């Protein structure tokens, strides 16, 4: 490390440093800020899309409780459009709806759809035992 005797020598050393490294420093700062802004935008976008999916799922859940045929079609569209945990939950709700109606074949079909959409082993655990129960019930009814 050099020892500077005057302030002018120190000032010249700082100027030389920025002359040699200024562009790289500016590029690094701009890239860092850009990455931070991009990351925050992505997080915000993910949060808002999951909130929208949550609200849509709540609407589908309430609609399924009414038991109307058009609400079943709405739930099926929601399941196809949402390849996430909300789609899995909607498929499980629809399977329950069909089972309560006595249509075990459609209930089992919705469980297969739920298993196809599930990316988490814990969500798969919901559908596997029920799938066997619906198969048994369908065989007994058929």
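The values are calculated or read from the model by the stated rules, or taken from the named source; none is laboratory data. Please read all numbers here as calculations on a predicted model, not as lab measurements. Quick reminder, even Gly has a Cβ in these numbers, built from the backbone with ideal geometry, and neighbours come from all protein chains shown.
Here are some conditions: (1) exposed (fewer than 10 other Cβ atoms within 10 Å of the Cβ); (2) on the phi > 0 side of the Ramachandran plot. Residue 67 meets all but one. Which one does it not meet?
That leaves (1) as the condition not met.
Looking at 44, 49, which one is out of contact with any strand residue (DSSP E or B) (no Cβ under 9 Å at 6 or more places or on another chain), at pLDDT below 95 and part of a helix (DSSP H, G or I)?
Just one listed residue meets the conditions, 49.
So the check is Cβ under 9 Å with 6+ separation or different chains; which pairs have a first residue in the range 6-31 that's assigned to a helix (DSSP H, G or I) and a second one that's at pLDDT 95 or above?
Once the first residue is assigned to a helix (DSSP H, G or I) and sits in the range 6-31, its partners that are at pLDDT 95 or above give 18/25.
Just to be sure before I move on: is residue 76 assigned to a helix (DSSP H, G or I), loosely packed, with under 10 Cβ neighbours inside 10 Å, without any contact (Cβ under 8 Å) to a residue 60 or more places away in the chain and touching a helix residue (DSSP H, G or I) at 6+ places or on another chain (Cβ under 9 Å) in the structure I sent?
Against the criterion (assigned to a helix (DSSP H, G or I), loosely packed, with under 10 Cβ neighbours inside 10 Å, without any contact (Cβ under 8 Å) to a residue 60 or more places away in the chain and touching a helix residue (DSSP H, G or I) at 6+ places or on another chain (Cβ under 9 Å)), residue 76 does not qualify.
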